[in-house]
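The values are calculated or read from the model by the stated rules, or taken from the named source; none is laboratory data. Since we're looking at a predicted model, the values are computed, not measured. Backbone-built Cβ (ideal geometry, glycine too); neighbour counts: all protein chains shown.
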Amino acid sequence: MMKGNRTYVYLLSLGLIVISAISGCSSLGFSNPKSDRKAAPVATQETEAVVVAVADTTAPTVVALYPSDSATGVAVNNIVMATFSEGMDPATMVPENCYVLAGETLVAGTVVYNEANRTVIFVPSRNLGGNTTFTVAMTTGIKDAAGNPLAKNLGWNFTTNTIVDATAPAVVSVSPVNDASGVLARSVVTVTFSEAMDPATIDAATFTLKQGSVSVPGTVFFDLSNKRAVFTPTGDLAAGLLHTATIMTGSTDSGGNPLRANLQWSFTPGESSDKLAPSVVSTSPTNAAAGVAVTSILIASFSEAMDTASINAAHFTVSAGMVPIAGTVAYDLPNRTAVFSPSAALDFGTTYTVRVTNGVKDLADNSLVSNKVWTFTTAPAGSGPAPVVLGNSVKFVILSRKAISTAYPSTITGDVGLSPAGESSLTGFVQMDSIGYATSPQVTGFIYSADMAPPARTNMEKVVADMDAAYKDAAGRKNPDFNNLVNGNLGGQTLSPGLYKWESTVTIPSHLTISGGPRDVWIFQITGDLNLGKEVDVVLTGGAMARNIFWQVGGQVSLEAGSRFEGIILGKNGISLGVGSTMNGRALAQGLVALDQAIITKPAP
């Protein structure tokens with residue numbers, strides 16, 4: 001008998017498996033395909049943009065693991081889990097594509113795919129061996145619902161102890177809190193546990209919400225990264241009426257231990273007196289702006305907080321004449337802005353029309369009075385290669401997949417983001433948490449991580465996917481103008497616009513000059529490390545802009561004490577800024593970004 005959303009696939013057996021090479025559990029980067037579009041003549045009057053469906057060609061990623069990579073002391077009765085970035089094809093969740101090894105010996109068990117939580121679960125047939133290192137393998141045979149496979153085989157390890165976990169899980173916190181009043185009618189209800197839970201046991205049967213005796217319709221999702229169950233009501237909660245949430249003993253942890261008792265708590269949504277329509281108070285670019293960068297994101301700022309669900313591609317469109325532009329739409333909660341990120345660079349010297357429709361609504365369900373429409377024109381091309389499209393990651397001055405650390409008094413101007421790692425991997429910040437973001441005295445901007453309240457997780461998945469795509473784009477550019485220039489020792493050099501490539505480490509032991517105009521582009525492809533020496537400057541002349549300088553680095557980046565750096569770093573690994581160093585640009589890394597009493601400022605647009 002199957003319970004809830006469990007889909008039992010196959011019993012793992014030796015005869016079914018062909019063992020393939022397993023790559024390490026490294027970050028995966030994907031490109032956004034460029035749309036094949038040619039601008040039509042600009043319309044002389046407003047016309048409705050045609051919305052076309054864009055095929056999903058993006059490979060899925062793994063956003064959470066349990067046990068975590070290299071975990072030790074894992075109980076022998078644990079299950080193994082991985083959560084994906086999107087809905088997957090259950091038919092591909094078979095033992096050939098997902099299995100566990102003890103050395104070279106296959107572990108017998110069952111593969112389960114939980115569709116509601118986008119999680120694949122391996123349930124061993126018996127307790128795992130004690131004091132043993134296990135390897136979990138997932139192959140490119142695993143595909144998302146659109147048929148896109150994982151980009152490469154994925155593997156991670158964990159080591160058991162000899163203990164059987166018999167401890168019942170506990171509820172650490174709930175939201176809204178018990179007896180809360182005036183709760184927003186569009187609130188989600190969450191339960192945070194003391195340990196990882198079995199997602200297949202967190203569903204509409206074990207996590208309920210009622211108004212009186214009437215069940216409130218909604219969806220249930222278990223966030224493995226944050227050990228949190230989330231109930232999202234289908235519609236607004238009834239104002240002024242008591243609501244009761246219940247999490248039941250059918251919920252079990254990763255070792256099969258249930259809650260000791262059902263937990264109930266109650267809260268009351270508040271009445272809304274807001275009858276005023278929201279408005280768009282500013283846009284970026286501004287109406288009729290000229291000379292706009294082709295890598296720009298497009299922003300509409302609202303007069304009040306908006307309903308996240310209404311900020312989507314149906315209500316925020318961009319076109320060149322009658323040709324629609326593909327892109328993604330996100331809502332930036334603390335800034336009250338809708339952000340359109342084009343899937344590819346815009347065309348040079350072209351006029352675009354942006355439209356935000358009256359389908360967008362505020363939190364009280366009030367719509368814009370009318371569509372907001374504005375136009376802008378991109379700048380003509382400069383010298384050098386086409387710029388790298390950063391997409392949603394262009395909002396961030398620091399972005400990392402794994403961790404961000406700072407030593408006071410570092411100064412950060414711009415937003416800081418972390419995903420899929422959670423808030424615990426932000427260290428050295430004095431944070432003031434709000435719903436969906438945080439602030440810090442060291443940051444002029446906002447801090448986001450994947451485990452913050454909605455829509456943080458969804459938005460950060462888009463942001464990191466765009467960072468990965470930008471890295472792959474920069475690394476994949478062909479036919480460099482300069483190959484292995486001065487063997488990677490750039491001290492005292494002056495670099496004109498172009499594509500540069502080094503299959504080695506690059507050092508800058510003395511001042512480096514980057515000379516060109518404000519529309520010119522530089523892309524530096526560096527296979528090894530990048531090191532900027534102590535008290536050494538990167539100097540821009542002739543109007544060169546930091547936003548157009550891209551440093552793609554396969555190794556580590558080190559900006560030593562007192563150095564001054566210009567440009568956008570796309571790092572495969574970590575980035576460190578030494579004491580008193582300054583950076584005008586962006587630190588976008590797949591590894592740790594560490595600031596030691598340093599200054600980093602986002603570049604001028």
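Inspect all residues belonging to segment 236-254 and state whether any of them is closer than 27 Å to residue 419 by Cα and without any contact (Cβ under 8 Å) to a residue 60 or more places away in the chain. Within segment 236-254, not a single residue is closer than 27 Å to residue 419 by Cα and without any contact (Cβ under 8 Å) to a residue 60 or more places away in the chain.
If only residues of segment 395-433 that are among the acidic types (Asp, Glu) and surrounded by fewer than 22 Cβ atoms within 10 Å (Cβ to Cβ) are counted, the one that is nearest to residue 580 (Cα to Cα) is 423. Within segment 305-320, the set of residues being in a loop (DSSP other than H, G, I, E, B) and either under 14 Å from residue 454 (Cβ atoms) or touching a strand residue (DSSP E or B) at 6+ places or on another chain (Cβ under 8 Å) (or both) comprises 305, 307, 311, 312, 313, 315. Annotation: of all residues in segment 528-555 being polar (S, T, N, Q) and more than 25 Å from the chain's Cα centre (by Cα), the one that is farthest from residue 293 (Cα to Cα) is 531. Give the residue, chosen from 514, 508, that is crowded, with 23+ Cβ neighbours inside 10 Å, at pLDDT 95 or above and over 20 Å from residue 528 (Cα atoms). When all the criteria are applied, what remains is 514. Quick check on my filter: what residues within segment 311-363 are at pLDDT 95 or above, among the hydroxyl-bearing types (Ser, Thr, Tyr) and touching a Pro at 6+ places or on another chain (Cβ under 8 Å)? Scanning segment 311-363 gives a single hit, 317. All told, residue 451 meets the bar of being crowded, with 18+ Cβ neighbours inside 10 Å, among the charged types (D, E, K, R) and part of a loop (DSSP other than H, G, I, E, B).
Each row is one residue, and each column tells you yes or no for (1) within 17 Å of residue 590 (Cα to Cα); (2) touching a strand residue (DSSP E or B) at 6+ places or on another chain (Cβ under 6 Å); (3) not in a strand (DSSP E or B).
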residue	(1), (2), (3)
402	yes, no, yes
421	yes, no, yes
429	no, yes, yes
433	no, no, no
438	no, yes, no
444	no, yes, no
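For segment 210-257, the tally of residues that are in contact with a helix residue (DSSP H, G or I) (Cβ under 8 Å, 6 or more places away or on another chain) and assigned to a strand (DSSP E or B) stands at 6. For the condition under 25 Å from the mean Cα position of the chain (by Cα) and either without any contact (Cβ under 8 Å) to a residue 60 or more places away in the chain or not assigned by TED's automatic domain parsing to the domain that holds residue 75 (or both), what is the one hit in 177, 172, 120, 183? The unique qualifying residue is 120.
Scanning segment 260-273 for residues that are surrounded by 14 or more Cβ atoms within 10 Å (Cβ to Cβ), assigned to a loop (DSSP other than H, G, I, E, B) and touching a strand residue (DSSP E or B) at 6+ places or on another chain (Cβ under 7 Å) gives a single hit, 270. In the set 112, 136, 107, 76, only one residue is at pLDDT below 95, of a type in the set (A, V, I, L, M) and buried (at least 19 other Cβ atoms within 10 Å of the Cβ); that residue is 112. Count of segment 274-304 residues, restricted to those that are outside any loop (DSSP other than H, G, I, E, B) and among the charged types (D, E, K, R), is 0. Pairing each residue of segment 261-284 that is within 25 Å of residue 337 (Cα to Cα) with any residue that is aromatic (Phe, Trp, Tyr), provided the two are 6+ apart or on different chains, yields C-beta distances under 8 Å for 278/302; 279/302; 280/302; 281/302; 283/374. Is it true that residue 367 is over 19 Å from residue 293 (Cα atoms), modelled with pLDDT under 95, of a type in the set (S, T, N, Q) and more than 18 Å from the chain's Cα centre (by Cα)? Here the answer is yes, as residue 367 does meet what is asked.
When 578, 574, 567 are screened for being under 24 Å from residue 476 (Cβ atoms), assigned by TED's automatic domain parsing to the domain that holds residue 513 and in contact (Cβ under 8 Å) with a residue 40 or more places away in the chain, only 567 passes. Out of (1) touching a strand residue (DSSP E or B) at 6+ places or on another chain (Cβ under 6 Å); (2) not in a loop (DSSP other than H, G, I, E, B), the odd one out for residue 334 is which? With (1) touching a strand residue (DSSP E or B) at 6+ places or on another chain (Cβ under 6 Å); (2) not in a loop (DSSP other than H, G, I, E, B) applied to residue 334, the lone miss is (2). Residues in segment 61-99 that are over 25 Å from the mean Cα position of the chain (by Cα), outside any loop (DSSP other than H, G, I, E, B) and in contact (Cβ under 8 Å) with a residue 60 or more places away in the chain: 72, 73, 74, 99. Hey, could you check segment 166-184 for residues that are surrounded by fewer than 18 Cβ atoms within 10 Å (Cβ to Cβ) and assigned to a loop (DSSP other than H, G, I, E, B) and say which is modelled with the lowest pLDDT? The selected residue is 184.
Looking across segment 434-444 at every residue that is touching a residue at least 60 places away in the same chain (Cβ under 8 Å) and among the small types (Gly, Ala, Ser), the one that is surrounded by the fewest Cβ atoms within 10 Å (Cβ to Cβ) is identified as 434. Kindly indicate whether any position in segment 502-512 is of a type outside the set (S, T, N, Q), touching a residue at least 24 places away in the same chain (Cβ under 8 Å) and under 25 Å from residue 416 (Cα atoms). So far as segment 502-512 goes, no, none of its residues is of a type outside the set (S, T, N, Q), touching a residue at least 24 places away in the same chain (Cβ under 8 Å) and under 25 Å from residue 416 (Cα atoms).
Selection within segment 185-207: residues that are in a strand (DSSP E or B) and touching a Phe, Trp or Tyr at 6+ places or on another chain (Cβ under 8 Å). The member of this set that is farthest from residue 123 (Cα to Cα) is 189. Consider segment 457-490 and keep the residues that are in contact (Cβ under 8 Å) with a residue 12 or more places away in the chain, not in a helix (DSSP H, G or I) and not polar (S, T, N, Q). The one that is surrounded by the most Cβ atoms within 10 Å (Cβ to Cβ) is 490.
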